[in-house]
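Encoded as structure tokens, the structure appears first; notes follow it.
The values are calculated or read from the model by the stated rules, or taken from the named source; none is laboratory data. This one's a predicted model, so the numbers in the text were calculated from it and none came from an experiment. Heads up, the Cβs are rebuilt from the backbone with ideal geometry, glycines too, and the neighbour counts pull from every protein chain shown. To get the accessible areas, we keep the full protein, side chains included, count just its heavy atoms, and leave off ligands, DNA and RNA. Shrake-Rupley method; radii C 1.70, N 1.55, O 1.52, S 1.80 Å.
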Amino acid sequence: MKKWFSNLKVSQKLMLISIFFVLPDSVMLYLFITAINDNINVARLEQKGNQYQRPLEELLELIPQHRELAQRVLDHVPGSGEAMARKAEQIDAAFQELAAVDSRIGVELQFTDEGLAQRHRENYRVQTVRADWQHLRDQITKLDQAACAKRHLDLVAAIRTMITHAGDTSNLILDPDLDSYYLMDATLLALPETQDRLAAVMASGEAVLKQRDVTPQDRQQFAIYATLLQEADLDRVEGSVKTAVREDPNFYGVSPTLQEKVPPALDEYKAATEKFIRLTKRFVYLDKVDVTVEEYLEAGNKARDASFKLWRIADQEVDILLQKRIESYQLRRLRSLLVAGCALLAAVGFVTFITRGISGPLRQQAAALREANDTLQAEIAERRRAETALRTAEEKYRGIFENSIEGIFQTTVDGRYLVANPTLARMYGYDSVAELQASVTEIGVQLYVNPQRRAEFQRLIEQHGKVYRFESQIHRKDGSVIWISEHARAAYDPAGKLLYYEGAVEDVTERKRNEEELEKLNKQLMETSRRAGMAEVATGVLHNVGNVLNSVNVSAMLITDRLSKSRIAHLSNVSTTLKKNSGDLAGFFTSDPKGKKLPGFIESLAERLTVEQEEVLREVEGLAKNISHIKEIVAMQQGYARISGVIESLPAAELVEDALELNSAAFERHKIEVVREFAEVPPVLVDKHKVLQILINVIRNAKYAVSECARLEKRVTVRVGTQGQNGHRRVQIAVCDNGIGIAPENLARIFAHGFTTKEDGHGFGLHIAALAAQELGGSLVAHSDGPDQGATFLLELPANPQADA
């Protein structure tokens with residue numbers, strides 16, 4: 001190889017060297033172009049996800065409309081049958097369009113048996129959902145209103161899941177640019193959620209307006225509706241869309257259509273939704289709602305239509321933003337290739353020029369030097385090898401030293417820099433290494449390092465010979481403070497004398513800041529959890545107090561009825577009769593027919609009044625007990641509110657009994673049997689308020705699951721036991737019901753934020769309960785064998801270690 005190289009001409013050697021210099025650049029260019037192509041492919045895949053979403057969003061708009069028409073058909077409203085048939089034709093057309101899109105790009109978006117199975121979505125193929133629709137369309141006149149509504153809601157849930165799958169597999173929800181990311185948040189998540197909620201609120205409002213009376217439960221529900229429509233829907237959509245419009249100029253240039261079309265559509269959606277929210281709030285504050293069914297549904301339909309209009313405009317703008325991104329990447333790729341080509345041409349020209357300039361004189365001197373070169377060849381070759389190795393090592397070390405992302409140093413024992421790289425100087429705010437060294441020489445180490453931390457550093461390194469990840473705060477040249485992480489070792493001479501310290505420094509200020517932010521978020525989450533728990537307890541208290549007040553009302557009505565029908569008024573008649581005959585009572589009782597019957601009448605009246613007195617006293621005692629029960633419930637809730645945040649050693653059975661007590665009235669009302677299976681367990685070391693929050697959520701869910709089941713025997717079983725050995729024992733609280741169970745596809749999402757299977761559910765009760773269990777050092781898990789097979793929620797809490805000692 002060496003001989004071959006030495007035999008090459010000068011021009012050939014220069015060309016070969018140029019090739020070796022160009023080769024790494026070519027590899028880097030290839031990797032750069034490959035990265036650009038990957039970004040283009042990602043954007044195109046997002047476009048396909050957007051294409052797949054359009055017919056799904058159209059179905060989200062049409063299916064609730066079909067449900068409203070179906071309800072009118074079942075109510076025998078004239079003309080509704082023809083309208084429902086036309087709406088069904090529109091849905092068929094939308095499914096046909098969805099099938100066409102699926103045939104083109106469904107495989108790329110993993111709408112296959114394997115792709116759906118990986119995410120436990122096997123039942124969401126286009127053919128399956130379309131078959132469910134066709135079966136509903138054919139059987140709709142044979143269903144009752146409740147079954148009809150449920151079948152429509154199941155279809156909407158399936159469509160929503162398909163939208164989620166398209167977003168997952170096309171990376172729409174992981175878009176890197178803020179303008180398209182927030183616009184996708186509105187089209188993929190926020191707007192479909194508000195459209196579902198608008199349909200649910202309209203249905204509830206129509207039902208209440210038809211019955212004309214607004215119950216306290218209705219007011220509470222519509223207060224929740226109004227809050228969710230405002231905060232979870234309108235505020236989120238407005239925030240995401242405005243962020244997208246604001247961030248648009250920061251990426252690939254201003255999109256004129258985004259700036260023109262999106263804000264007016266957002267304003268129209270906001271105005272329509274705010275009007276509907278105001279009408280919804282009337283259910284909360286007015287005894288008699290002064291709005292007709294037609295007015296309420298018209299306002300809701302306008303809000304829903306405006307949301308779909310905003311969705312369609314935003315969806316078009318997402319495509320425009322993605323296309324602009326693709327064109328930007330394509331232009332960048334073209335520019336890179338042009339620059340690389342120009343550089344290559346320049347390199348070839350430069351080599352040619354140098355070759356011509358060198359080769360001529362060298363040819364003239366070659367003959368004279370060849371003889372001398374032969375005698376020196378061996379020595380030169382050896383020297384060349386040594387110089388090449390030394391140069392390579394020096395360049396490698398210099399590259400690592402000067403370009404390292406970490407600061408590298410060597411200091412004297414008192415902290416003065418012998419060696420430092422430019423990274424360290426920049427980290428401390430200096431323009432050069434010399435400036436850093438001079439500053440320490442002039443004003444000493446105590447300018448920029450805390451004396452106590454410096455003493456701790458020296459103590460550790462003298463004790464162990466090295467330090468690892470030694471963190472401290474440093475003052476930069478401009479006076480600002482940064483956090484550093486230092487790795488260092490001590491160097492000694494053969495006699496054991498300390499010569500210097502050497503090591504590397506990493507700027508960890510950003511990590512420290514992130515840790516502080518994470519701590520703040522954790523505290524906010526704990527506070528949110530505490531407030532949610534207080535709300536759950538307060539809700540349970542209100543339910544129980546309401547149930548007890550019903551009993552109080554019944555007792556009061558019975559006492560009123562007894563007193564109004566009492567025969568005590570007959571005593572006045574007896575007294576009047578006796579006064580009339582007071583002159584000859586003996587003759588009245590012996591001769592007068594009325595007088596002869598009067599003793600028997602008085603005896604009968606006395607017996608009757610005695611019975612009435614006993615009945616009234618029993619009702620008064622029951623009334624007093626119920627009022628005392630209300631005081632106990634309120635006192636229990638106040639006790640839990642006062643002790644929030646305090647870690648105590650408490651009996652698990654008492655905590656369970658408190659939670660059951662707060663749900664006792666609901667169990668009695670729904671005729672649900674509560675079975676207690678309590679074993680002897682050690683006390684738990686917990687925050688009493690958080691445990692009650694978890695248990696109330698789980699027990700209330702069990703009550704709902706049992707009450708919605710068609711089974712005659714309704715039962716909730718609560719077990720308390722232990723798991724593990726002494727010192728590591730865990731107390732287990734299991735809440736088991738024989739209710740409606742949990743579908744397998746929902747079991748994995750049961751604790752996810754926002755997930756709920758209830759029409760009026762908010763989806764964060766179990767999520768907060770699971771977080772609270774983790775904060776307590778325990779866990780909350782769920783198990784079910786499937787629909788109608790009941791469910792078990794298992795709460796594990798740490799036992800008090802002193803109880804096992």
* Report yes if some residue within the stretch 270-286 is in contact (Cβ under 8 Å) with a residue 24 or more places away in the chain and not in a helix (DSSP H, G or I); otherwise report no. => yes
* To do: For residues that are free of Cβ contacts under 8 Å to residues at least 60 places away in the same chain and closer than 17 Å to Glu61 by Cα, scanning just the stretch 290-302, find the one that is least open to solvent (accessible area, probe 1.4 Å).
  => Ala299
* Listed residues Arg426, Arg398, Arg416; which is of a type in the set (Lys, Arg) and more than 20 Å from Gln473 (Cα to Cα)? -> Arg398
* Among (1) out of contact with any Ser or Thr (no Cβ under 9 Å at 6 or more places or on another chain); (2) at pLDDT 90 or above - the single one Phe111 does not satisfy -> (1)
* **Unmet requirement for Pro249, which otherwise passes all of (1) under 28 Å from the mean Cα position of the chain (by Cα); (2) within 30 Å of Asp179 (Cβ to Cβ)** => (1)
* Failed criterion for Ser439 (all others in (1) without any contact (Cβ under 8 Å) to a residue 24 or more places away in the chain; (2) out of contact with any strand residue (DSSP E or B) (no Cβ under 8 Å at 6 or more places or on another chain); (3) farther than 24 Å from Ile400 by Cβ hold) -> (1)
* For residues that are assigned to a helix (DSSP H, G or I), within 21 Å of Ile742 (Cβ to Cβ) and open to solvent by 60 Å² or more (accessible area, probe 1.4 Å), tally how many sit in the stretch 656-715. => 1
* Is it the case that some residue within the stretch 170-178 is at pLDDT 85 or above and of a type in the set (A, V, I, L, M)? -> no
* Can you pull out the strands (runs of 3 or more DSSP E) entirely within the stretch 444-512 that have at least 1 residues that are free of Cβ contacts under 8 Å to residues at least 24 places away in the same chain, in contact with a helix residue (DSSP H, G or I) (Cβ under 9 Å, 6 or more places away or on another chain) and under 21 Å from Leu418 (Cα atoms)? -> 466-475, 481-492
* To do: Check whether at least one residue in the stretch 416-434 is at pLDDT below 85 and open to solvent by less than 40 Å² (accessible area, probe 1.4 Å), and report yes or no.
  => no
* To do: Among the residues of the stretch 377-415, write down those that are surrounded by 10 or more Cβ atoms within 10 Å (Cβ to Cβ), within 45 Å of the chain's Cα centre (by Cα) and either aliphatic (A, V, I, L, M) or assigned to a helix (DSSP H, G or I) (or both).
  => Ile400, Phe401, Glu402, Asn403, Ile408
* Taking the stretch 467-499 on its own, how many of its residues are hydroxyl-bearing (Ser, Thr, Tyr) and open to solvent by 60 Å² or more (accessible area, probe 1.4 Å)? -> 2
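Residue-wise test of (1) within 19 Å of Asp248 (Cβ to Cβ); (2) assigned to a helix (DSSP H, G or I); (3) at pLDDT below 85.
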site: Asp315; (1), (2), (3): yes, yes, no
site: Leu321; (1), (2), (3): yes, yes, yes
site: Ser336; (1), (2), (3): no, yes, yes
site: Leu344; (1), (2), (3): no, yes, yes
site: Ala347; (1), (2), (3): no, yes, yes
site: Arg363; (1), (2), (3): no, yes, yes
site: Ala367; (1), (2), (3): no, yes, yes
site: Ala372; (1), (2), (3): no, yes, yes
site: Thr375; (1), (2), (3): no, yes, yes
* Asked: If Ser572 satisfies every condition in (1) open to solvent by less than 50 Å² (accessible area, probe 1.4 Å); (2) within 30 Å of Ile559 (Cα to Cα) but one, which is the exception?
  -> (1)
* Counting only residues that are exposed (fewer than 13 other Cβ atoms within 10 Å of the Cβ) and either of a type in the set (Val, Ile, Thr) or at pLDDT 75 or above (or both), how many does the stretch 616-638 have? -> 1
* Asked: Out of curiosity, is Ala381 in contact with a helix residue (DSSP H, G or I) (Cβ under 9 Å, 6 or more places away or on another chain), modelled with pLDDT of 70 or more and farther than 30 Å from Met427 by Cα?
  -> yes
* Asked: For the subset of the stretch 242-289 comprising residues that are open to solvent by less than 70 Å² (accessible area, probe 1.4 Å) and hydroxyl-bearing (Ser, Thr, Tyr), which member is modelled with the lowest pLDDT?
  -> Tyr252
* Asked: Do we find that Leu98 is part of a helix (DSSP H, G or I), aliphatic (A, V, I, L, M), open to solvent by less than 10 Å² (accessible area, probe 1.4 Å) and in contact with a Lys or Arg (Cβ under 8 Å, 6 or more places away or on another chain) in this structure?
  -> yes
* To do: With the checklist (1) over 13 Å from Leu59 (Cβ atoms); (2) of a type outside the set (Lys, Arg); (3) open to solvent by less than 40 Å² (accessible area, probe 1.4 Å) in hand, flag the one item Leu155 doesn't pass.
  => (1)
* To do: Search the stretch 200-216 for residues being of a type in the set (Gly, Ala, Ser) and open to solvent by less than 40 Å² (accessible area, probe 1.4 Å), and hand back the single one that is nearest to Pro263 (Cα to Cα).
  => Ala200
* Asked: So which residues in the stretch 99-120 are touching a Phe, Trp or Tyr at 6+ places or on another chain (Cβ under 9 Å) and among the acidic types (Asp, Glu)?
  -> Asp102
* Going through the stretch 716-743 one residue at a time, which ones are surrounded by fewer than 18 Cβ atoms within 10 Å (Cβ to Cβ), within 29 Å of the chain's Cα centre (by Cα) and at pLDDT 95 or above? -> Ala734
* Considering residues of the stretch 416-436 that are assigned to a loop (DSSP other than H, G, I, E, B) and under 23 Å from Leu499 (Cβ atoms) only, the residue farthest from the chain's Cα centre (by Cα) -> Arg416
* Among the numbered conditions (1) more than 27 Å from the chain's Cα centre (by Cα); (2) open to solvent by less than 90 Å² (accessible area, probe 1.4 Å); (3) under 30 Å from Asn39 (Cα atoms), tell me where Asp305 comes up short. => (3)
* Answer yes if at least one residue in the stretch 183-194 is part of a helix (DSSP H, G or I), under 24 Å from Gln71 (Cα atoms) and open to solvent by less than 40 Å² (accessible area, probe 1.4 Å), and no otherwise. => yes
* Asked: Conditions: (1) at positive phi; (2) over 23 Å from the mean Cα position of the chain (by Cα). His120 meets all but one. Number of the miss?
  -> (2)
* Collect the residues in the stretch 217-241 that are more than 18 Å from Arg304 (Cβ to Cβ), crowded, with 17+ Cβ neighbours inside 10 Å and among the aliphatic types (A, V, I, L, M), keeping them in residue-number order. => none
